[in-house]
Amino acid sequence: MGKRAKLFEEDDLDLSEFTPKEGPQPAAPDLEKVREVSEAADFHSREPKAAKPWAAKPTEAVSAPEPAEPEATKRKPRYHRTGRTVQFNCRTTQACSDGMYAIADQQGWLVGETLERAYAALRRELDGKPD
């Protein structure tokens, strides 16, 4: 295997060509011209736009928009230190998901514990049946 190149131990390293530029700095381009060119090229600014005033008068009641999902499917985050480190994701029906969470809440179990108990019950059921 070859040796690594040593950058600063060579005596013949000549950096005399690298000198600071002299003379005036180039002028910055006109911001309006840059904006025109960028918008013409369909490159829009990432700057936030000014907030629009509300259309409703302050005395009028404004109803909140309907949530995208029903409230029943939104759950509080569950944070516990259990030693379980493997994540298990799968697609299921809404009813099955709601049922698993309902069982966990009714029994006071964690979701992972509910899954483990469901797996153990299925394993017992399958072990008891002949193939």
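The table below gives the values:
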{"item": "Output for segment 4-13, where each listed residue is open to solvent by 100 Å² or more (accessible area, probe 1.4 Å) and of a type in the set (A, V, I, L, M, F, W, C)", "result": "Leu7, Phe8"}
{"item": "Val62 surrounded by 10 or more Cβ atoms within 10 Å (Cβ to Cβ) and modelled with pLDDT under 70", "result": "yes"}
{"item": "Pro67 at pLDDT below 70 and out of contact with any Asp or Glu (no Cβ under 9 Å at 6 or more places or on another chain)", "result": "yes"}
{"item": "Filter pass, Lys76 being under 30 Å from Ala104 (Cβ atoms), modelled with pLDDT under 80 and under 33 Å from the mean Cα position of the chain (by Cα)", "result": "yes"}
{"item": "Qualifying residue in segment 14-35 (condition: over 30 Å from Val111 (Cα atoms), modelled with pLDDT of 70 or more and surrounded by 10 or more Cβ atoms within 10 Å (Cβ to Cβ))", "result": "yes"}
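The values are calculated or read from the model by the stated rules, or taken from the named source; none is laboratory data. Please read these numbers as outputs of a predicted model, since none were measured by experiment. So basically every Cβ, Gly included, is an ideal-geometry build from the backbone, and we count neighbours across all protein chains shown. Ligands, DNA and RNA are excluded from the accessible area calculation, which covers all protein heavy atoms including side chains. Shrake-Rupley method; radii C 1.70, N 1.55, O 1.52, S 1.80 Å.
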